[in-house]
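The values are calculated or read from the model by the stated rules, or taken from the named source; none is laboratory data. Source: prediction; values computed, not measured. Cβ atoms come from the backbone with ideal geometry, glycine included; neighbour counts cover every protein chain shown.
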Amino acid sequence: MVGIPLSRPVRFLARDTLYRGPLIRAFLNKVYAIPVNRDAASSTTIRQAARQLQQGFLVGIFPEGTRSSDGRIGALKPGFIALVRRADVLIIPVGLAGTGAAFPRGAWFVRPAKCRVVFGAPLQPETLAQLKGHGSEQVLLETVRDAMVRCYEEAREWMTR
């Protein structure tokens, strides 16, 4: 859903367990997804994603690590902080509403449903530079999560109209 309205391709980080099936593995390789172990992201994954960002590609990360059961923004995993520290790029927060109805957890197929994607104001590298230092990880996580929540609430508000 996030990549559909964009004119540039996005390389998404995808959990490595998705690569077990040959069909989904072929699809993920075709769309240039980057496999990541959600429990222990390796420095190789971080380096690969940072290299893509430095080359001008978009990299999509779901910093919660998984979809929530109710669609709300959950706690963010601190693993993406390593990527933020390594790549001097902006972060574009995104909020999704309706995707739980379109593709619920455990579903095999997408269902017809109204969905909304809201892109927030970018968090600039200058702002992030102040939050990247050791000891400020929690403030960085809260800043990114707050931006995502604002996008989600705007998307959800549209859904209730």
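For the stretch 36-50, check the following and say yes or no: at least one residue is within 20 Å of residue 145 (Cα to Cα), in contact with a Leu (Cβ under 7 Å, 6 or more places away or on another chain), assigned to a loop (DSSP other than H, G, I, E, B) and modelled with pLDDT under 90.
No, because not a single residue in the stretch 36-50 is within 20 Å of residue 145 (Cα to Cα), in contact with a Leu (Cβ under 7 Å, 6 or more places away or on another chain), assigned to a loop (DSSP other than H, G, I, E, B) and modelled with pLDDT under 90.
What residue, among those in the stretch 1-16 that are surrounded by 13 or more Cβ atoms within 10 Å (Cβ to Cβ) and of a type outside the set (A, V, I, L, M, F, W, C), is farthest from residue 94 (Cα to Cα)?
16
Are there any pairs with C-beta distances below 9 angstrom linking a residue in the stretch 86-100 that is assigned to a helix (DSSP H, G or I) to a residue that is surrounded by fewer than 22 Cβ atoms within 10 Å (Cβ to Cβ) and small (Gly, Ala, Ser), with the two at least 6 apart or on different chains, and if so which?
86/50; 99/71; 99/113; 100/68; 100/69; 100/71; 100/113
Working only within the stretch 16-25, note down all residues that are of a type outside the set (Ser, Thr, Tyr) and either within 17 Å of residue 108 (Cβ to Cβ) or touching a residue at least 60 places away in the same chain (Cβ under 8 Å) (or both).
Of everything in the stretch 16-25, those that are of a type outside the set (Ser, Thr, Tyr) and either within 17 Å of residue 108 (Cβ to Cβ) or touching a residue at least 60 places away in the same chain (Cβ under 8 Å) (or both) turn out to be 18, 20, 21, 22, 23, 24, 25.
Tell me, yes or no, whether the stretch 118-132 has at least one residue that is under 23 Å from residue 11 (Cα atoms), in a helix (DSSP H, G or I), of a type in the set (Ser, Thr, Tyr) and at pLDDT below 90.
No: the stretch 118-132 contains no residue that is under 23 Å from residue 11 (Cα atoms), in a helix (DSSP H, G or I), of a type in the set (Ser, Thr, Tyr) and at pLDDT below 90.
Just the residues that are part of a loop (DSSP other than H, G, I, E, B) and either loosely packed, with under 12 Cβ neighbours inside 10 Å or in contact with a His (Cβ under 9 Å, 6 or more places away or on another chain) (or both), please, taken from the stretch 17-35.
Selection gives 21 alone.
Exactly one condition in (1) small (Gly, Ala, Ser); (2) buried (at least 16 other Cβ atoms within 10 Å of the Cβ); (3) under 24 Å from residue 47 (Cβ atoms) is false for residue 95; which is it?
Failing condition for residue 95: (3).
Any idea which of 118, 110 is β-branched (Val, Ile, Thr) and in contact with a Phe, Trp or Tyr (Cβ under 7 Å, 6 or more places away or on another chain)?
Exactly one of 118, 110 is β-branched (Val, Ile, Thr) and in contact with a Phe, Trp or Tyr (Cβ under 7 Å, 6 or more places away or on another chain), namely 110.
Is it true that residue 68 is under 23 Å from residue 106 (Cβ atoms) and among the hydroxyl-bearing types (Ser, Thr, Tyr)?
yes
If you check every pair at least six apart or on different chains, which have Cβ atoms under 9 Å apart with a residue in the stretch 31-46 that is closer than 13 Å to residue 17 by Cβ first and a residue that is in a loop (DSSP other than H, G, I, E, B) and of a type in the set (Ser, Thr, Tyr) second?
The qualifying pairs are 36/42; 38/66.
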